[in-house]
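Participant: Let me give you the structure first, and then I'll get to my questions.
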Amino acid sequence: MTTPVTAVLTEIEAGVRYVPDLVSRTGLAPNLVRAVTDRLVRAGRVKPLVVSSACAPTGCRDCAASGCPLSSVA
């Protein structure tokens, strides 16, 4: 059985970049995936996705900012 850290890191190494996609690919709870990705960032294993300062105040995916990788993700 893989640990949550191993499962998330394996998916990131396979090219998965967003928490909702990591959740669906690993079967882990969203809060656990966020905690694992935060840990991996702090450990220097992965780099965080830089979000534009033009993002909607209600959070990601609520706008169609030009070039935003999240605006086309359902």
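The values are calculated or read from the model by the stated rules, or taken from the named source; none is laboratory data. If you're wondering where the values come from, they're calculated on a predicted model, not measured in any experiment. These accessible areas exclude ligands, DNA and RNA; they are computed on the full protein's heavy atoms, side chains included. Shrake-Rupley method; radii C 1.70, N 1.55, O 1.52, S 1.80 Å.
Participant: May I ask you to rank Leu32, Leu49, Leu40 by accessible area, largest first, using a 1.4 Å probe over the protein chains only?
Facilitator: Leu49, Leu32, Leu40
Participant: Sticking with this one: Want the number for Glu13 to Lys47: 0.36 nm per residue separation, take away the alpha-carbon distance, what's left?
Facilitator: Contour length minus the Cα-Cα distance gives 11.1 nm.
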